[in-house]
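Q: This is the structure I want to talk about, given as structure tokens.
Just so it is clear, none of the values below were taken in a lab; they were calculated from the coordinates. It should be emphasised that the depicted structure is a prediction, and the values quoted were computed from it without experimental measurement. Every residue, glycine as well, gets a Cβ built from its backbone with ideal geometry; the counts of neighbours run over all protein chains shown.
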Amino acid sequence: MNNKILVTGGTGYIGSHTVVELQEAGYEVVVVDDLSNSGIEVLDNIQKISGKKPAFEKFDLSDREKAEDFFKRNTDIEAIIHFAASKAVGESVEKPLHYYRNNLVSLMNLLDCQLKFNIQHIVFSSSCTVYGQPDKLPVTEDTPRKDAESPYGNTKRVNEDILNDTIKAHPQLKGIALRYFNPIGAHPSALIGELPLGVPQNLVPFITQTAAGIREELKVFGDDYDTPDGSAIRDYINVVDLAKAHVVAIERLLHEKNKQNYEVFNLGTGQGVSVLEMVNGFEKATGVKLNYKIVGRRAGDIEKIWADTTFANEELGWKAEKDLEETLLSAWEWEKKVRKI
Ligand code: NAD
Ligand code: WQD
């Protein structure tokens, strides 16, 4: 029998790409999602890619009774990949209690159920947001975490601590926290991708929606940063590369290759790219001209960050493979498919 993996948030952006990679690696997947930020049709599109529709249950993981009931009925789960969370930084400032409750309680419920139903392994979606603006670049996993800029960012930091402390107290549990840098792009089939509700807050969906004529112009937030072209720098990682890292992390846990019960890995490309380089890269990759304007800095933005990926490269044996143009083209192909362009 194949190993069965629970993917929470598996109809979401990164989760759906990870479900495909897990299935292609031979895992059986069960998805739990409350569909608060994704649609049920994603399951059919996963099936079109992999040939297999994952099992699915719709419920809110912050509901303890529902979570317990699920695990009572699914006794053969060997590992959990926990993507499910609310993730909009701006919204988290307006609705902090919703963010703390959803993101913290969901993880705590899962950990309780792991102990109760004896499920050893968990991979947790963390974020480079835990580093804030680091003093030294690139950031390694040992770079000190900073006070979060937002309640969302704080949930990642606190969830890392909840996971670490719980594993310390219960050494039968093994966990890996993956700190994603900026995930972008879509599956090369253009059957799954990122579908932001309303006006996108993130750069690449805003770029593709501008190119599609849904947004009038892209606002480039700031050209007076201490960077070569003055615009802010991030480490943009292809979502399929990112998804593959989860398969490697699961294999590490299931085959007991982990060196510590709780481990943390940066997942990025190791390359810093500026906003203006992203704009130019998009135009070059797609041949579409972008209407953009430079405006003031966005409140709360950091100036520059990119990952030192040595630990993931050497210890996980994982490396980002896709280049930026291919990735930006995949984001555009997905936007065109969604908008029927
Ligand atoms: P997403 O919103 O596309 O996916 C999250 C999924 O979780 C959604 O389908 C949503 O419906 C579901 N969900 C939310 N709360 C739930 C709950 N209580 N119970 C059940 N389902 C619930 O987000 P994503 O971009 O795929 O992000 C996945 C994870 O990665 C999140 O934890 C996010 O914080 C983290 N992350 C994302 C980014 C990014 O830029 N996209 C960067 C770093 C970390
Ligand atoms: C990237 C760059 C913007 C939109 C956020 C979260 C972080 C993480 C990833 C989850 C910045 C600039 C953007 C636009 C622009 N998520 N930009 N015009 O800010 O790195 O991080 O998402 O954990 O927690 O804070 O990503 O895509 O919003 O911005 O100029 O319309 O693009 O100023 O420099 P960011 P982003």
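Q: Taking the Cα centre of the stretch 113-182 as origin, work out the dipole magnitude from +1 charges on Lys and Arg Cβ and -1 charges on Asp and Glu Cβ, in debye rounded to 20.
A: So the magnitude is around 200 debye.
Q: Per residue of the stretch 122-128, in order, report the coupling 6.51 cos²θ - 1.76 cosθ + 1.60 (Karplus, θ = phi - 60°) as ³J(HN,Hα) in whole Hz, putting x for Gly and Pro.
A: Those phi angles translate into 9, 10, 10, 7, 9, 8, 5 Hz.
Q: Suppose the chain between E65 and E315 were pulled fully straight at 0.36 nm per residue; how much longer would it get relative to their current alpha carbon spacing?
A: This chain segment gains 86.2 nm when fully extended.
Q: Classify the chain: rounded, prolate or oblate, from the alpha-carbon gyration tensor (a ≥ b ≥ c, eigenvalue square roots; a/c under 1.5 rounded; otherwise prolate if a/b is larger than b/c)? Intermediate results must be reported in sequence, preceding the final value.
A: On the way: a/c = 1.66, a/b = 1.38, b/c = 1.20.
It is prolate, given that a/c is not under 1.5 and a/b is the larger ratio.
Q: Apply the a/c threshold of 1.5 to the C-alpha gyration tensor of the stretch 276-341 and tell me whether it is rounded, prolate or oblate. If you can, show how the numbers build up before the last one.
A: Numbers: a/c = 2.46, a/b = 1.29, b/c = 1.91.
Taking the square roots of the gyration eigenvalues as a ≥ b ≥ c, the stretch 276-341 is oblate.
Q: Here is a further query. Restricting to DSSP loop positions (anything but H, G, I, E, B) with no more than 12 other Cβ atoms inside 10 Å of their own Cβ, which trypsin sites (Lys or Arg not before Pro) remain in the stretch 130-215?
A: K136
Q: Please sort by residue number the GluC sites (Glu not before Pro) in the stretch 165-270 whose DSSP state is loop and whose Cβ has at most 15 other Cβ atoms within 10 Å.
A: On the way: sites: E194, E216, E217, E251, E256, E263; in loops: E194, E216, E217, E256.
The qualifying sites are E216, E217, E256.
Q: Going by amide H atoms built from the backbone, whose H comes under 5 Å of the H on L218, apart from near neighbours?
A: Those qualifying (amide H under 5 Å, at least 5 residues apart or on another chain) are N291, Y292, K293.
Q: Exceeding 19 Å between C-alpha atoms, which entries from my cross-link table qualify? They are K156/K219; K174/K259; K156/K319; K146/K322; K289/K336.
A: Violating the 19 Å limit, Cα to Cα: K156/K219; K156/K319; K146/K322.
Q: Still on this structure, please answer the following. Below 8 Å between Cα atoms, with a sequence gap of 6+, how large is the relative contact order for the chain in percent?
A: Details: 667 pairs, mean separation 64.3, N = 341.
Reported relative contact order: 19 percent.
Q: Given charges of +1 on the Cβ of Lys and Arg and -1 on the Cβ of Asp and Glu, with all other atoms neutral, how large is the dipole of the chain about its Cα centre, in debye to the nearest 20?
A: 540 debye
Q: Here is a further query. Would any residue of the stretch 183-201 have its amide N under 20 Å from a label point 7 Å out along Cα→Cβ of V295? List them or say none.
A: Label zone hits: 196-201.
Q: For the stretch 62-203, what is the charge dipole size about the Cα centre, in debye to the nearest 20, if Lys and Arg each add +1 at the Cβ and Asp and Glu each add -1 at the Cβ?
A: Working: 16 positive and 18 negative charges, 14 e Å.
So the magnitude is around 60 debye.
Q: If you take the beta carbon distance between E303 and E24 as r and set R0 to 45 Å, what does 1/(1 + (r/R0)^6) give as a FRET efficiency, to the nearest 0.05?
A: 0.75
Q: A further question follows. Once fully extended, how much extra length lies between A55 and K340, figured as 0.36 nm per residue of separation less the alpha-carbon to alpha-carbon distance?
A: Value of the extension gain: 99.7 nm.
Q: In degrees between 0 and 90, to the nearest 10, how far off the longest principal axis of the chain does helix 151-169 point, with axes built from Cα atoms?
A: Long axis of 151-169 versus the principal axis of the chain: about 30 degrees.
Q: Under 17 Å between alpha carbons, and skipping anything fewer than 8 positions from K72 in its own chain: which aspartates and glutamates qualify?
A: Within reach: E57, D60, D63, D112.
Q: Cut-off 10 angstrom, C-alpha nodes, Gaussian network model of the chain. Which of L111, L328, L97 fluctuates the most?
A: Fluctuation is largest for L97.
Q: List every residue whose amide H lies under 5 Å from the amide H of G270, counting only residues 5 or more places away in sequence or on a different chain, with H placed 1.01 Å from N in the peptide plane.
A: Correct list: A307.
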